[in-house]
Amino acid sequence: MGKCMRLLQVQTYFRHGARTPLHHVRSPNTLEAFWVPEMIADLPCTTYPNRIVDRCGNEVPNALENNLPLAFRLPGGLRTGELTTQGQVDAYELGKRLKQSYVDQQSFISRTFCTEEIYLRSSLIGRTLKSVRCVAAGIFGDSYKENGKTDILNIFVEPLDREYIFPNPSHCGILGKLYKEGVKEYLSLPNHLEMKRKLRVVLGVDRLIDDFRLDVCEGDCPIYFVRDDYVSRERAGFPLPPGLDLLLPEMHRLAAEELSYELLGSKREWKTNLPLVMAPVFQMIVCNMRNFENVPKFQLYSCHDSTLLLLLLGLGCFDGVWPPFAADVVLELYASRSSPCPTSSDQRRPRVGDCPGENSTTPNPEPEPPVSVDDLWVRVLYLGRVVPLACLWKLNSVDIELASDGYVSFSALVDHWSDALAYKPELQNTE
């Protein structure tokens, strides 16, 4: 007798694809990067009929216009933070990988887009809106091209002042206080100061200056400003200053540390502050799992590096490296039964019905019995690889075979996030 796992739900949180930089840190040691309009041309394979709607299903006008208050012009004419053609490829390739896992290998969702199965959510920012379209095109585009018919993608958004799928000062009042505390602490860290010294040498400047944030700091700008500019340049094919490539691995770590300080405050308080900052996201994830029978079983959330960084910290599996473009965190929900598994080459292969209205190629399955909360299991993947949560959380009570495959009980996730799940935003102290 063993546990037979049946996949019930998939929630995928992913970062947008490559974009134009948000920062501009000049260096006389390399050629200027010119960001021209041709660099954001739409690829035909990434297009898909869609509309952007609010939570009530009403279309949001002019949603793809730049909604950010700080959008600057880069050399060449493009604005900061625009999804590039390469970024479309990044998101499309993520969609192809998800298709391979949940359409081709497991038949968890249909080959054609089906509104009953799929939920798409994005921040109201152009690069994330376009990225979720590209991911959907990677999953369903082949079927759309073959049939010429599809349901229109409804991409759900919230107004930016009410957005919660990234750490948002407009929604989370304590972020301003945490930012001040965190910056004060990391500015004096020796390894950060040494990296800035090395960057000044490599870039050939006396001071690290972001042309778009001149008033942010009196000395050098943060390391992640420099990283943002030059990683974006590198992804677009522009040359880097000689020697910068050797610093990038450490920059990825120190930049992530800087952002963690800015979002969570003093390091000794990270464990306390993380549930407060990420409570809305953790609560949403758990609510979706508890209500798996009443919500679409495949959910895509197009968000930001800050979302993924804190989500990984909250799962106890952050590797310390800034999440790359189109990075993804997948949370799978399973039901288990202590009974013999069906004969199959993959005993944990989920058994699900086809999309309503489609012709099934297999006999109608027997109705699945009701699922108890005690039978729910969770598995997490980062960048397509299973995360060993049971080991990271030191869960000794989990079956060895299940733990080795990455499963933890749903109740273990609820316990792990208990502070965030109990948090009431109205009790925030913003002083």
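The values are calculated or read from the model by the stated rules, or taken from the named source; none is laboratory data. Being a predicted model, the structure only gives us computed values, none of them experimental. Methodologically, a virtual Cβ is constructed for each residue, glycine included, from the backbone with ideal geometry; neighbour enumeration extends over all protein chains shown.
What the table below lists for this structure:
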quantity: Selection count where residues are among the acidic types (Asp, Glu), exposed (fewer than 13 other Cβ atoms within 10 Å of the Cβ) and closer than 30 Å to VAL205 by Cα, scope segment 25-79; calculated: 0
quantity: Scope segment 77-97; condition small (Gly, Ala, Ser) and either under 12 Å from ALA18 (Cα atoms) or in contact with a Ser or Thr (Cβ under 7 Å, 6 or more places away or on another chain) (or both); matching residues; calculated: GLY81, GLY87, ALA91
quantity: Any hit, segment 291-302, residues being modelled with pLDDT of 95 or more and in a helix (DSSP H, G or I); calculated: no
quantity: Test: residue in segment 271-286 that is outside any helix (DSSP H, G or I) and crowded, with 22+ Cβ neighbours inside 10 Å; calculated: no
quantity: Segment 226-247, residues that are assigned to a helix (DSSP H, G or I) and buried (at least 16 other Cβ atoms within 10 Å of the Cβ); calculated: VAL226, ARG227, ASP228, ASP229, TYR230, VAL231, SER232, ARG233, GLU234, ARG235, LEU244, LEU247
quantity: Those residues of segment 303-337 which are within 16 Å of GLY406 (Cβ to Cβ), hydrophobic (A, V, I, L, M, F, W, C), touching a helix residue (DSSP H, G or I) at 6+ places or on another chain (Cβ under 9 Å) and not in a strand (DSSP E or B), in sequence order; calculated: LEU315, CYS317
quantity: Counted residues, segment 385-419 - those being more than 25 Å from PRO275 (Cβ to Cβ), in contact (Cβ under 8 Å) with a residue 24 or more places away in the chain and surrounded by 13 or more Cβ atoms within 10 Å (Cβ to Cβ); calculated: 3
quantity: Tabulated pairs, segment 361-381, first modelled with pLDDT of 70 or more, second surrounded by 10 or more Cβ atoms within 10 Å (Cβ to Cβ) and hydroxyl-bearing (Ser, Thr, Tyr), C-beta under 6 angstrom, 6+ apart or interchain; calculated: ASP375/SER336; TRP377/TYR334; TRP377/SER336; TRP377/TYR407; TRP377/SER409; ARG379/TYR407
quantity: Check on PRO61, under 26 Å from HIS171 (Cβ atoms) and more than 19 Å from the chain's Cα centre (by Cα); calculated: yes
quantity: Subset of segment 46-76 (residues that are at pLDDT 95 or above and closer than 18 Å to ALA18 by Cβ); calculated: THR46, LEU74, PRO75, GLY76
quantity: Residue list for segment 67-116, filter: under 20 Å from the mean Cα position of the chain (by Cα), charged (D, E, K, R) and in a loop (DSSP other than H, G, I, E, B); calculated: GLU82
quantity: Those residues of segment 185-215 which are without any contact (Cβ under 8 Å) to a residue 12 or more places away in the chain and charged (D, E, K, R), in sequence order; calculated: GLU194, ARG197, ASP206, ASP215
quantity: Selected residue (only one of GLU194, GLU185, GLU158 is crowded, with 16+ Cβ neighbours inside 10 Å, modelled with pLDDT of 95 or more and either assigned to a helix (DSSP H, G or I) or out of contact with any helix residue (DSSP H, G or I) (no Cβ under 8 Å at 6 or more places or on another chain) (or both)); calculated: GLU158
quantity: Qualifying positions in segment 3-56 - part of a loop (DSSP other than H, G, I, E, B), touching a Ser or Thr at 6+ places or on another chain (Cβ under 7 Å) and under 24 Å from LEU160 (Cβ atoms); calculated: HIS16, GLY17, ALA18, THR20, PRO21, LEU22, TRP35
quantity: ASP220 being surrounded by fewer than 23 Cβ atoms within 10 Å (Cβ to Cβ) and of a type in the set (Asp, Glu); calculated: no
quantity: Evaluation of MET251 against (1) in contact (Cβ under 8 Å) with a residue 40 or more places away in the chain; (2) within 23 Å of VAL414 (Cα to Cα) (one fails), failing number; calculated: (2)
quantity: Candidate set: segment 161-182, residues that are among the aliphatic types (A, V, I, L, M) and not in a loop (DSSP other than H, G, I, E, B); chosen: the one nearest to the chain's Cα centre (by Cα); calculated: LEU175
